[in-house]
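All remarks here apply to the structure that follows.
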Amino acid sequence: MALLSPDVDVHILDTTLRDGSYANDFQFTVGQTKSLCRALEKSGIPLIEVGHGVGLNAGNAGYRSAIATDEEYMQAASEACEESMWGMFCIPGVATIEDVRLAGEYGMDFIRIGTNISEVEESREFIEVAKEEGMFVTANYMKSYARPPETFAEKAAQSKTYGADLVYLVDSAGGMLPRTVRSYLNAANKEIDIPLGFHGHDNLGLAVANSLIMADAGVFVVDTSLQGLGRSAGNASTEKVIASLEKSGYDTGTDFLQLLRAGQRFVNPIRENPSQMPLDVIAGREEFHSSHMTKILDAAYEYGIDPAHLIHAVCVENKIYAPEDLVKELAASLDSNKGGTVQDYGLARYPGSEE
């Protein structure tokens, strides 16, 4: 990334305006996008991700529409960012190649092509077209934990042949342990010589610790969001990650106090549920992606069973998908007299689909 400072040890990608939008039902306005982009840039954040939480074209692909269109977010970010690089998320099958070309017209600096680790092949054309458009391209392996470290390394080498500039380890369920993320990074470093990134969710409260582990191992980019805003239990907090990195002696090139003020101004007022949700912790423990939680809750209601038991049963079978027929089959097999009920865990909406 030519615009990134060679003097910075760990580069922060702030995803408040993208992954954080799960927490406000994808309602970041154009004005908020511009204002927060400027505040993040002023704070020294080099990489800013914007747009619908699920990524490009999500509002036209069966997901709830954001308050603004992709093109409006592109326009806002391109006008607001003068020094920081801005980009968006892209899931093949949700997004189209035309969406990538549209982003190129707005001069988007980077794009993150997200696929489940089992479906990396679907990223090839998107990576190639994004490179044609002059973008820095990352390959984000959603639910990375669903395959062993050796497979992650093999897939990383595959993405390099497609033209990816960086490969992401993605803890989509927030359940990876520090020693686990280290094993994935070590395996990848034996196979590839392109940079690595880390995107961690905080279901077990380990997102900051895992980010530090990755920094110690030489990871190039770490994802964060202000006050940890994000899907499910949220992401690694921008403020906490930077504070921890600086305490560890790393130069992030950011203004920590400025970021604290930005979080208080832009994020704190929109937080509707700052408390820890029990089902988010369970999802982290089992490595269960929160996008499937509605199926779990519906089946738990129908069969009168403990949703935690059902999450565990589903993850034994499949950590990437939760097919409805599998969920119902497993729900019917569980003992309704063991454990709790849906009401015991509290209810929350789990919007969106990926990352």
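The values are calculated or read from the model by the stated rules, or taken from the named source; none is laboratory data. In this text, all values refer to a predicted model and were calculated from it rather than measured experimentally. Cβ placement follows ideal geometry from the backbone for every residue including glycine, while neighbour counts extend to all protein chains displayed.
Observations on the model:
- Residues of region 69-80 that are buried (at least 22 other Cβ atoms within 10 Å of the Cβ) and either of a type in the set (Gly, Ala, Ser) or more than 16 Å from Phe26 (Cα to Cα) (or both): Ala76, Ala77.
- Matching option when the condition is of a type in the set (Gly, Ala, Ser) and assigned to a strand (DSSP E or B), among Gly107, Gly87, Gly62: Gly87
- Checking region 263-271 against the condition returns no match, with no residue being among the β-branched types (Val, Ile, Thr) and under 19 Å from Arg182 (Cα atoms).
- Whichever residue in region 175-201 is modelled with pLDDT under 95 and over 18 Å from Asp216 (Cβ atoms) and, among such residues, is nearest to the chain's Cα centre (by Cα): Ile194
- Search result, residues across region 228-261 that are crowded, with 18+ Cβ neighbours inside 10 Å and either free of Cβ contacts under 8 Å to residues at least 12 places away in the same chain or part of a strand (DSSP E or B) (or both): Asn235, Ser237
- Among residues of region 40-59, those that are of a type in the set (Val, Ile, Thr) and not in a loop (DSSP other than H, G, I, E, B), counted: 2
- Conditions (1) surrounded by fewer than 22 Cβ atoms within 10 Å (Cβ to Cβ); (2) assigned to a helix (DSSP H, G or I); (3) modelled with pLDDT of 90 or more; number of the one not met by Gln264: (3)
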